[in-house]
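The values are calculated or read from the model by the stated rules, or taken from the named source; none is laboratory data. Computed from a predicted structure; not experimentally measured. Counting neighbours? That spans all protein chains shown, and the Cβs are built from the backbone with ideal geometry, glycine included.
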């Protein structure tokens, strides 16, 4: 059970991995949500597996020289290290770096620890160091740009499991984070089931529409959907077993 009461449901996560971030933006837009996409945040490996899981959040503030010392990295209570042990399996660690990629949010050692622990992925609006090694992990990792300098130069981790901003989007602990080759979106936890159901339907219809257009159908005859195109879609779906 996540902090806001949203139950972790692996079937729901599978459904969200089966639809695109683009489709999810449309479903959220229909409900009045316009700011859930993380801007200037993309995957290290666009060909990697899709990601879906509840958010586990980490907030940073700008570093201050008397606190940002190498010794803090050995402190088990320092959130910048503790989060990598506390984030539950199946969740996505989301790191608020204030859209500042001048220093790393993490590197390959920390992300390897997440991968070994069964964490679903890691997202930051800052950057990662050791991006080549992270790519080799086959672990979903999303960033603004590579950031080789050590985190302490610009980021002081201050607390876990609080509401944060990431890529300009609000992220509450337990919100569902979905990522694909194009980017990351935040689905409010209370909407996740209905959004997943609608996005799955929309994906099936759009697959049908693309096939029809490839065979010469006129755009407005299938997209947006019409009563006639929906009737044809139901036949197509039955034939395809979808």
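So which of 93, 111 is assigned to a helix (DSSP H, G or I), in contact (Cβ under 8 Å) with a residue 24 or more places away in the chain, surrounded by 24 or more Cβ atoms within 10 Å (Cβ to Cβ) and under 21 Å from the mean Cα position of the chain (by Cα)?
Of the residues listed, the single one that is assigned to a helix (DSSP H, G or I), in contact (Cβ under 8 Å) with a residue 24 or more places away in the chain, surrounded by 24 or more Cβ atoms within 10 Å (Cβ to Cβ) and under 21 Å from the mean Cα position of the chain (by Cα) is 111.
Specify the residue that is surrounded by the fewest Cβ atoms within 10 Å (Cβ to Cβ); the eligible residues are those in the range 96-108 that are touching a helix residue (DSSP H, G or I) at 6+ places or on another chain (Cβ under 8 Å) and farther than 19 Å from residue 120 by Cα.
Across the range 96-108, the extreme among qualifying residues is 102.
Hey, residue 73 hits all of (1) surrounded by 12 or more Cβ atoms within 10 Å (Cβ to Cβ); (2) over 13 Å from the mean Cα position of the chain (by Cα); (3) within 25 Å of residue 195 (Cβ to Cβ) but one; which does it fall short on?
Condition not satisfied by residue 73: (3).
For residue 64, all conditions in the list (1) out of contact with any strand residue (DSSP E or B) (no Cβ under 6 Å at 6 or more places or on another chain); (2) under 23 Å from residue 134 (Cα atoms); (3) in contact (Cβ under 8 Å) with a residue 12 or more places away in the chain hold save one; what is the number of the exception?
Answer for residue 64: the failing condition is (2).
Are there any pairs with C-beta distances below 6 angstrom linking a residue in the range 198-225 that is within 20 Å of residue 17 (Cβ to Cβ) to a residue that is modelled with pLDDT of 95 or more and part of a helix (DSSP H, G or I), with the two at least 6 apart or on different chains, and if so which?
198/27; 199/23; 199/24; 199/27; 200/15; 202/23; 203/23; 205/233
Which one of these is more than 25 Å from residue 187 (Cα to Cα) and touching a helix residue (DSSP H, G or I) at 6+ places or on another chain (Cβ under 9 Å): 33, 78?
78
Right, residue 50: closer than 22 Å to residue 128 by Cα, buried (at least 17 other Cβ atoms within 10 Å of the Cβ) and in contact with a strand residue (DSSP E or B) (Cβ under 9 Å, 6 or more places away or on another chain) or not? Step through it out loud before you land on a result.
Values: closer than 22 Å to residue 128 by Cα: yes; buried (at least 17 other Cβ atoms within 10 Å of the Cβ): yes; in contact with a strand residue (DSSP E or B) (Cβ under 9 Å, 6 or more places away or on another chain): yes.
Considered against the rule, which asks whether it is closer than 22 Å to residue 128 by Cα, buried (at least 17 other Cβ atoms within 10 Å of the Cβ) and in contact with a strand residue (DSSP E or B) (Cβ under 9 Å, 6 or more places away or on another chain), residue 50 comes out as yes.
Here's the yes/no breakdown for (1) in a helix (DSSP H, G or I); (2) closer than 18 Å to residue 113 by Cβ; (3) at pLDDT 95 or above; (4) touching a helix residue (DSSP H, G or I) at 6+ places or on another chain (Cβ under 8 Å):
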residue: 4; (1), (2), (3), (4): no, no, no, yes
residue: 11; (1), (2), (3), (4): yes, no, yes, no
residue: 26; (1), (2), (3), (4): yes, no, yes, yes
residue: 39; (1), (2), (3), (4): no, no, yes, no
residue: 52; (1), (2), (3), (4): no, no, yes, yes
residue: 61; (1), (2), (3), (4): no, no, yes, no
residue: 84; (1), (2), (3), (4): yes, yes, yes, yes
